[in-house]
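Chemist: The structure is given below, and queries will be raised subsequently.
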Amino acid sequence: MAYIQKCLSPLAAIIGSEDTRSLTSKNNLPDLAALFSPFGDPITSNVTLRDSKGQASVVDNFTLRFKGLNELDIFDYQQLNSVLTEPLPPLLHGNLKVDLNLLKQSGVGIEYEDFERYTPWYTQYRDYFSLFDGPSEHETFNHPIACIFVVTTENPDPVSTFSLLSSQASLPKIFEKGFMDKNFLKHFLLIHEEKSQSQQNPEQTLIALKKAFGLNCSLLKLSGKENLTELRDKHYYDYWENHIKLQEGFSKAVVKSADENLISVSEKDEQILHGLHFSKVDINNIETFVIASRKGMAGRLFSAFSRSSKSSVQPKNSLIDASGKFMYLSDSSEVLQRKLADYSFMLRDYVFAYSIYDSARKLYQNNEQASRYFAGSQEMLGFCVLMTEGVSKVTIESNFDLAVDTYKFSKDFLYETRCTALFFEMLKHKKFHRDAPTLLNKMTGESAFCFLTESPIMARKYAFFLVLAANRYTKCLQRAHAFRCYSDALNVYETQGWTLVEDHINFSLSRQSIHMGDLVSGVNFLSKLMRSSRQSPKIQAEYLKDFYFIYGQLKSIGKKEDMEKLKPLNIPIFIDKSTIISLSRNALNSQSQNDERTKVNDEHWELLESDLVEYGYNKNQAIKKNSSNFSKIVSVKQAVNILTCAVGESVFVHLEIENPLQVSITLSNISVRCNFGSIPREDEDYNDGDRSNLILVERSGFTVENIPDFILGPNERAKLQVAIIPKQEGTIYILGVVYLVGGLIPCFKSLKSAKKNLNKEEEFVTPKLNVTLPMPVLDIEILNFPEKIFSGEIIKLFLNIKNNGNRGLVNLKLKLSHPSFFYFGSLLDVDQEEYVYLENGKNSEKFLLNNNLNDFSLLSIKLPTKDLKSASEFEDGVLMPEQSCLVPIFLRGDRMGKHTFRFLFGYQAEENETPANFRTFKFTQNLNVQPSLRINAFTRPSQRNLDEFTLGIEIENLQNFVVLIKQLSAVSSKWQIKTVNGLFSRIDNFKFEKETSPEHLVSKVIESIMYTEENITIYPPPLNFHISSLSMDKVFTCSENPFKEFSCRSRTQWRMTSLSQNYNGLSPEKLRKLFTLYYSDDVDLTLFWEMPATSSKEKKRLGHQYIMGINLSLQSPLTEIQSKFLGGKNMEGIPESRALFEQTVREKKTLINTLLKSKSKEVSPLRIVFNVNENYFHDFIKNGDCVLSFPVVLNNSSSVRSVKFTLELLSAENGSNLKVMIWSGKNFINGILKPEEEGKYNVFATFASPGIYELNRWKLSVHMLDDNGNEDKGNSGFIQTPNLNQSITVHNRIDLI
């Protein structure tokens, strides 16, 4: 009964000003409602109430609820969903178990107080469902009967603040719906903290408030109390603790903080607060705070009802909102009558409330739209009956059934469920226990499917109610029904990640299965509990114990087919990415992972291995032609998937396992299941034999290691290795790992790895060992490899190569994942420095460079001879067993970011003629490249010469220390940095034959591919590069290694990236066959920098940054081939596509589309320069007007097309600040220029007076011509106008005398 009275108690709204937030926030309370709630839930002193006849009665534990005014809202499904599901997992298991035998012997049933202990999960659900409710239009229990407005003395103007808070405009939007009464009691509370810095006198402020708002004003003084013992003795301490637990982010520590910092209410203050909360609930003041008897508020309600009934014009008393829901307005007689009944019920005058509810029920009964109102009245009639003595069960059931059925008819399933839950509480209170299970089963079973009728469906609530029903079915021994409900609920929860709910359901399903005699299903459900979970270690230990016991029972009585139905056990967890098959025992413990190994599920290594075998060995036939040691590798696929080992050489399977449980598990007889010669069929039985207490287990063709016992602690991750020792040549297939869990349960973990076949379909491949004759074993280490460097920085390292095998190591090759970061020197370059200075103070140099797009990711590493001397250029060395050598490596931060470098080494054995004479070694290193400089460069055509450009460079230091700029170098076949002013100019006397230019060669290769089916590869001649440098000190040479190799690698990386973006339909191999590394007008800039050492322990850092992609040609480099197919010309000669050459056809289409739709902006090929001086002198007095002649040079920069032009000389524009100049003579110059032809013309201008004149007043019209000399209709031409000023100064010669 007390629970119903608490749920349906009066509600007082509360709202505070902005200054009250500091009062709650500094005390770790969410709002004012949390501050005042403990003083009304319940009210500690007895409350005197009067019934409808005026008779007084003393009531204890009277409850007054508080809620924020702005928090009033319609019942929210999503809020209910979160309330129901989030607190559920920790409360799934009760602390007590019902002892049926004890209850039968004692003959005493469970008391009402024990219900909550046996089903704590349902108790929490009931509390959230019943207490966290919003206002509804059909009842007034959650409508505020009064509102308390709170302001502190920290407010500068409390009177104005109270006026603003209490105005109608401050009410929340829910009052605009019309079903809530806006005319409720208003009370004004002023709070004063004694430690406050406010200058206001609280007593005088209270007098001012009473003058403004009447006597409904109170003053509450708060003072801090440091004695925590006194505060804990108060009843509101426990309430705050429990309330704060329900708020996110609060804990007991917060409560303690609140105790220390929050108010400690003095005895006087406590009386004021209590007087505010319950003294006004007395029947004499009921009209002003809660509700009145018939004389007070009730009389006004009835008089309002009478007036509305007798009025000749009936006011509008109802409406239908936008969602189609019917509701009565707050001033309608129907709502007033229901409000009177609700207030009487809250004041515990149940007899009077019953009569009013019955009267209201009759009003709603005749209105089909008011079915919800009718159901609510019928529900309250039942509660009033239950609150009185001498109630018959027939009356209870009739009221309950009618209320529930009407709620169901009105599709109000939430209030139907609340009604059922509250009726269940009353039945328990009345000790009608036999009727309670039927009621609860009806609620949990049928109501679960009601949630599926919502739109959208409420699947999680549906599953929760199924669990409740299954629990009841279990108590009623209806195990089949319980199993069904649990199974349906599991289908919802298993995809949500709620491990506690899943564990509870799986454990319940296992119990139901075992009781029904299905041990196989029981074991399978228990196996699902063997995983990481939030269960306590004690509960997990019980799960594991039950699992061992049930499995033992099944093993002793089960059949073979039953054992085959068992699902694999997932303990321990194998970390697949750490599974390695290696020739070294310490592969997992190496920080740099410096061991040969085969990683499961790693496609990156497979791609590197494929290229290494195909291009490094199979296609390389020029290695020692007279030797048979370098025979062709059998195939790419075999070389990639087979780990080669020698007879008697141990191979280690490295495993990393993790225990997901919080309890220890015991593993025994851990070994590797292998098969020699072939893979056994899946249906074939494999006998691992008895391996107990054995260290080595002999098998046919090999010996395998066995680990007898291994204990894995709670949540422990461990590493272990199992050795395989081959005994004869052949193939060993590694099937997986076998072990026992708990010494009882045999388990198998497959080591198959997922790979993609030629059809890009995923297939699983079994790892295998190719056992051959004795082989070398490579061991690699990079000494002092840094964790981070700066972008562009160069560091010298050393690669330590060692042969740990028993055969000589030859033909060492390397495949790199990041070739632009590394340069591998020779054994002779041990003393090589990062940079080499240019001799004799020169600032320019020349060198020949191969213009092919080479693949720098594949390298051959020269080894020393047998006497440990360096091998010559044409001699192959041998690294003998137990020997090592150092190879210098230069590392450069080519690109910023975090990088994982993969080094794949391939090598062979000396004097071994077998086809499987091949091994790989995988090696990884991590590097973080941090930014150093941000560089931007631009070029502009020069105004004084056609063959010059102005260069601008913007440099930004991205670090907080000094960076010195040492040198700027330009690498190009045509252009050089000529002066300190930074002008690009063509090299003097430079002449490039058209037939040998890179552009012409690329165009011819593409044209040949277009018209023929031949697979042509470009073979450009080496380019003669000119390097010009501007240095602040000594000049670094750019023609020596390692700089030269780094430049080629970075240029290739940039070039391949650029070509891949433009020709995304072509493979990298095809791009290397079609294009060159450089075009004729390409220019690469290099900026050298130095970071001085910051301490004596450090050394200075050196590096350089590239600025690539500068092309000083006005036309596209492939203009020659583009012009042939522009506008669809010359397409008829291209062969028709054939299915046999489908790939070739696609490549042709990609080339044509890219050439015709070039991403570069098309510009005019014609360049113009006025060769003028800055100053001219003329005697205007003696000679009159000044007439000057200016040479004009026009140059056609196109190498394949002629142009037709018209140069128009324009008059001065009006409004110009410069003096007017008049062009004299011809104002139009027309002509045709052939490819790379230059034309010179003279123009004349007349100057009437001395001054500054602007010469750039012209317009140049350009039209492209086809091969026949006609204007190209596919090209609209170009209009050029000057974009820079070019002025001259004409002086009067007399002025200079």
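The values are calculated or read from the model by the stated rules, or taken from the named source; none is laboratory data. Keep in mind that this is a model prediction, so the values were computed, not measured. As a convention, Cβ positions derive from the backbone with ideal geometry for all residues, glycine included, and neighbour counts pool all protein chains shown. Heavy atoms of the whole protein, side chains included, go into the accessibility calculation; ligands, DNA and RNA do not. Shrake-Rupley method; radii C 1.70, N 1.55, O 1.52, S 1.80 Å.
Chemist: For the stretch 1249-1260, what does the Karplus curve 6.51 cos²θ - 1.76 cosθ + 1.60, with θ = phi - 60°, yield as ³J(HN,Hα) per residue in whole Hz, taken in order and with x for Gly and Pro?
Modeler: Karplus values, whole Hz, x for Gly and Pro: 7, x, x, 9, 10, 8, 8, 6, 10, 7, 9, 10.
Chemist: Another question, then. In nm, to one decimal, how far is the modelled label at residue 408 from the one at residue 718, with both set 7 Å along Cα→Cβ?
Modeler: Result for the modelled spin labels: 5.9 nm.
Chemist: Test of understanding: extend the Cα→C-beta vector of residue 666 to 7 Å, then name every residue of the stretch 692-732 with backbone N under 16 Å from that spot.
Modeler: Once the point is set 7 Å along Cα→Cβ of residue 666, 692-694, 707-714 turn out to lie under 16 Å by backbone N, inside the stretch 692-732.
Chemist: Below 8 Å between Cα atoms, with a sequence gap of 6+, how large is the relative contact order for the stretch 879-978 in percent? Walk me through the intermediate numbers first.
Modeler: Details: 96 pairs, mean separation 19.4, N = 100.
Dividing the mean separation by the residue count of the stretch 879-978 yields 19 percent.
Chemist: Next question, about the same structure. Expressed as a whole number of Å, what is the distance separating the alpha-carbon centroids of the stretch 795-814 and the stretch 460-484?
Modeler: Centre-to-centre distance over Cα atoms comes out at 68 Å.
Chemist: Okay, next question. With each pseudo-label sitting 7 Å past Cα toward Cβ, what's the residue 698-residue 765 distance in nm, one decimal?
Modeler: 3.5
Chemist: Determine the alpha carbon to alpha carbon distance for each of 408/461; 719/752; 815/1100; 177/411; 842/978 and list only those over 23 Å. If you can, show how the numbers build up before the last one.
Modeler: Details: 408/461 17 Å; 719/752 19 Å; 815/1100 31 Å; 177/411 21 Å; 842/978 13 Å.
In this structure, 815/1100 lie more than 23 Å apart at Cα.
Chemist: Describe numerically, in nm with one decimal, the distance between label points set 7 Å from Cα along Cα→Cβ at residue 1286 and at residue 940.
Modeler: That separation, rounded to one decimal, is 1.4 nm.
Chemist: In Å³ and rounded to a whole number, note down the convex hull volume per residue for the Cα atoms of the stretch 1235-1297.
Modeler: Roughly 141 Å³ of hull volume per residue.
Chemist: For residue 541 and residue 958, compute 0.36 nm times the residue count separating them, minus their Cα-Cα distance, and round to one decimal in nm.
Modeler: Extra length available between residue 541 and residue 958 comes to 144.4 nm.
Chemist: May I ask you to compute the full-extension gain from residue 401 to residue 1163, defined as 0.36 nm times their residue separation minus their alpha-carbon distance, rounded to one decimal in nm?
Modeler: Extending this stretch completely gives an extra 265.6 nm.
Chemist: Report the gain in length on full extension from residue 1062 to residue 478: 0.36 nm times residue separation, minus Cα-Cα distance, nm rounded to one decimal.
Modeler: Taking residue 1062 through residue 478 to full extension adds about 203.1 nm, to one decimal.
Chemist: OK, next. If packing is taken as the average count of other Cβ atoms within 10 Å, what order do 1039-1052, 950-963 fall into, highest mean first?
Modeler: Top to bottom by mean Cβ count within 10 Å: 1039-1052, 950-963.
Chemist: Given R₀ = 25 Å, FRET efficiency for residue 182-residue 355 by Cβ-Cβ distance, to 0.05?
Modeler: The formula returns an efficiency of 0.35 here.
Chemist: What FRET efficiency would be calculated for the residue pair residue 198, residue 70, taking the C-beta separation as r and a Förster radius of 25 Å, to the nearest 0.05? Walk me through the intermediate numbers first.
Modeler: Working: r = 25 Å, r/R0 = 1.02.
My answer for the efficiency is 0.45.
Chemist: Per 5 Å bin from zero, what fraction in whole % of the C-alpha pairs of the stretch 168-217 is there, up to the bin with the longest pair?
Modeler: 4, 16, 19, 15, 14, 14, 9, 7, 2
Chemist: Any idea how far the Cα center of the stretch 506-533 sits from the one of the stretch 1026-1055, in Å?
Modeler: 71
Chemist: Okay, moving on. First compute the accessible area of the stretch 770-895 with a 1.4 Å probe, then give the percent of it belonging to carbon and sulfur atoms.
Modeler: Using a 1.4 Å probe with all protein chains present, the stretch 770-895 comes out at 48 percent carbon and sulfur.
Chemist: Relative contact order of the stretch 485-543: what whole-number percent is it, with Cα pairs under 8 angstrom and at least 6 residues apart?
Modeler: 30
Chemist: What is the calculated FRET efficiency for residue 1100 to residue 1227, with r their C-beta to C-beta distance and R₀ = 60 Å, to the nearest 0.05?
Modeler: It comes to 0.45.
Chemist: Same structure, new question: Sort the following peptides by mean Cβ neighbour count (other Cβ atoms within 10 Å, averaged over residues), highest first: 562-574, 1091-1103, 658-670.
Modeler: Descending mean neighbour count gives 658-670, 562-574, 1091-1103.
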